[in-house]
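**Q** My structure is below; once you've seen it, I'll send some questions.
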Amino acid sequence: DFPISILERQIFDFLGYQWAPILTNFVHIITVILGLFGTVQFRPRYVTGYAVWLVLWVTWNIFIICFYLEVGDLSKDSDLIMTFNMSMHRSWWMENGPGCRVTPVTPPPSWAPEDHRYISIAGCLLEYQYVEVAHSSLQILLALVGFIYACYVVKLISEEEDSFDFIGGFDSYGYQGPQKTSHLQLQPMYM
């Protein structure tokens, strides 16, 4: 996984106050660090943990794609899923996407909260949900590459552990150390 892409995603999720993606991205960053540490230190458990996390990460990103494309009963307008119902914020890309023009609506409707502005968004070259889908799709591709790499590293580490031979230890090649000749063997001494 490329840390730059997940840091970029983390920044834009912070700007949009989307708490569920922020927490998930944070766990992903920590897991990537542990996976890199496991690779450098030849710790197959860390790399295996990283590979297992990548399966969950792909699942999360598939959910994000389904969420923004409103598959099934999912709605991108739901506050509960992305912000834990703690704010009315949406994706940062909604207002700041390529070509988007934001104009405040005055006077705001009577149902709009006083501490929020009511806006109209027009002229976007690419709707925000497609930007989010593109981000998640990129993360899925990077995760698949990372998963293949993690499986390869675990295979290499386990092969290396299996081929390690202690000096004079258990050897699969049938090597026998030099034999003692009979005149050097210890004999019981009688007094």
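**Q** Which is touching a Leu at 6+ places or on another chain (Cβ under 7 Å) and open to solvent by 30 Å² or more (accessible area, probe 1.4 Å), of Tyr50, Tyr46?
**A** Tyr46
**Q** Sticking with this structure for a sec: Output the number of residues of region 1-24 satisfying the condition of being hydrophobic (A, V, I, L, M, F, W, C) and open to solvent by 80 Å² or more (accessible area, probe 1.4 Å).
**A** 7
**Q** Being open to solvent by less than 50 Å² (accessible area, probe 1.4 Å), under 19 Å from Glu132 (Cα atoms) and modelled with pLDDT of 85 or more: is that true of Phe63 here?
**A** The answer is no for Phe63.
**Q** Quick one: which of Val27, Val71 is open to solvent by less than 80 Å² (accessible area, probe 1.4 Å), part of a loop (DSSP other than H, G, I, E, B) and among the β-branched types (Val, Ile, Thr)?
**A** Going through Val27, Val71 in turn, just one is open to solvent by less than 80 Å² (accessible area, probe 1.4 Å), part of a loop (DSSP other than H, G, I, E, B) and among the β-branched types (Val, Ile, Thr): Val71.
**Q** Separate question: Among the residues of region 30-43, how many are open to solvent by 70 Å² or more (accessible area, probe 1.4 Å) and either farther than 16 Å from Pro3 by Cβ or of a type in the set (Gly, Ala, Ser) (or both)?
**A** Result for region 30-43: 3.
Here's the yes/no breakdown for (1) assigned to a loop (DSSP other than H, G, I, E, B); (2) at pLDDT 95 or above; (3) closer than 18 Å to Arg90 by Cα:
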site	(1), (2), (3)
Cys124	yes, no, yes
Val131	no, no, yes
His135	no, no, yes
Leu141	no, yes, no
Leu144	no, yes, no
Tyr149	no, no, no
Val154	no, no, no
Glu160	no, no, no
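**Q** If you go through region 96-120, how many residues are under 21 Å from Tyr68 (Cβ atoms) and modelled with pLDDT of 75 or more?
**A** So the count comes out to 6.
The values are calculated or read from the model by the stated rules, or taken from the named source; none is laboratory data. None of the values given here were measured: they were computed from a predicted structure. With ideal geometry, Cβ positions are generated from the backbone for all residues, glycine too; neighbour counts draw on all protein chains shown. The area values use the complete protein model at the heavy-atom level, side chains included, leaving out ligands, DNA and RNA. Shrake-Rupley method; radii C 1.70, N 1.55, O 1.52, S 1.80 Å.
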